[in-house]
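Structure first, then comments.
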Amino acid sequence: MDFPIEFQQYLDGQLCASDIFSLPIVQDFFTKYEIFKQEIRDGKHGKTARFWMVYYIDLMFNQHAIHTAVQENHFENRLHSWNFMLSYFFPTNKTNYSRYGAYYVFSLYNIENVYPGNKDLLKGSGLSIQSQTRYDLRTPIDQRGEQTINREGKVSGGLKLLRPDDKMMLKWVLNRPNQAENTSELKAQKI
């Protein structure tokens, strides 16, 4: 297959991927693709194509954008993506998402008015945490908490060894932060 000279340079390692996107042939391709997508949204290619563009491709793109926003801890992208998704929750019978999602988006749009300074806090580290330094991957805060609690509950000395007694369960839950802090301090010591 004959590639344009620029693509051959990329394949040979003479150009990096970011250089490819600035090439006129690639820019022209993306422009034509955006025009084609708009034609599909306008219904010029039939109802089936429009259905798949609007209800599948756009939703999957938005899901990817939400995931990327969490991975990169990007507040504005997550807020924009949630705002986009609100119109899809009600027709797909996601009642709680439509009800509380609207409140969530409204609260985040007005967070600087209600709680000055919290927007900067959320931008800095409010969406996700990086639990390891080896990989540049971030995890949503609530997911990381669930993973930690679930793991701690299944290991020796965890929740699985407790008998089903409400008082004992409450004591175990209330003491977990102190136990975790002590364990972290012991692991940090150089012995």
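The values are calculated or read from the model by the stated rules, or taken from the named source; none is laboratory data. Note that the structure is a prediction, hence the values are computed from the model and not measured. All Cβ positions, glycine included, derive from the backbone under ideal geometry; neighbour counts span all protein chains shown.
Counting only residues that are at pLDDT below 85, give me the helices (runs of 4 or more DSSP H) lying completely in segment 1-115 with at least 3 of them.
Helices (runs of 4 or more DSSP H) meeting the threshold: 5-11, 17-21, 24-41, 58-72.
Among the residues of segment 29-40, what is the count of those that are under 26 Å from the mean Cα position of the chain (by Cα) and of a type in the set (Lys, Arg)?
So the answer is 1.
Using beta carbons and a limit of 6 Å, which pairs, at least six apart or on different chains, have the first residue in segment 89-103 and assigned by TED's automatic domain parsing to the domain that holds GLN63 and the second one in a loop (DSSP other than H, G, I, E, B) and surrounded by 12 or more Cβ atoms within 10 Å (Cβ to Cβ)?
The qualifying pairs are SER98/PHE90.
Restricting attention to segment 100-128, report how many residues are of a type in the set (A, V, I, L, M, F, W, C) and either touching a Pro at 6+ places or on another chain (Cβ under 8 Å) or surrounded by 15 or more Cβ atoms within 10 Å (Cβ to Cβ) (or both).
Of segment 100-128, the ones of a type in the set (A, V, I, L, M, F, W, C) are 102, 105-106, 108, 111, 114, 121-122, 127.
With either touching a Pro at 6+ places or on another chain (Cβ under 8 Å) or surrounded by 15 or more Cβ atoms within 10 Å (Cβ to Cβ) (or both) added as a condition, the list becomes 102, 105, 108, 111, 122, 127.
Qualifying residue count, segment 100-128: 6.
Might you let me know whether segment 117-126 holds any residue that is at pLDDT below 75 and either part of a helix (DSSP H, G or I) or out of contact with any Cys (no Cβ under 9 Å at 6 or more places or on another chain) (or both)? Even if it seems obvious, please write down each step before you answer.
Our first condition is that a residue be at pLDDT below 75; within segment 117-126, this holds for 125-126.
Checking the rest, the ones that are also either part of a helix (DSSP H, G or I) or out of contact with any Cys (no Cβ under 9 Å at 6 or more places or on another chain) (or both) come to 125-126.
Yes, the conditions are met somewhere in segment 117-126.
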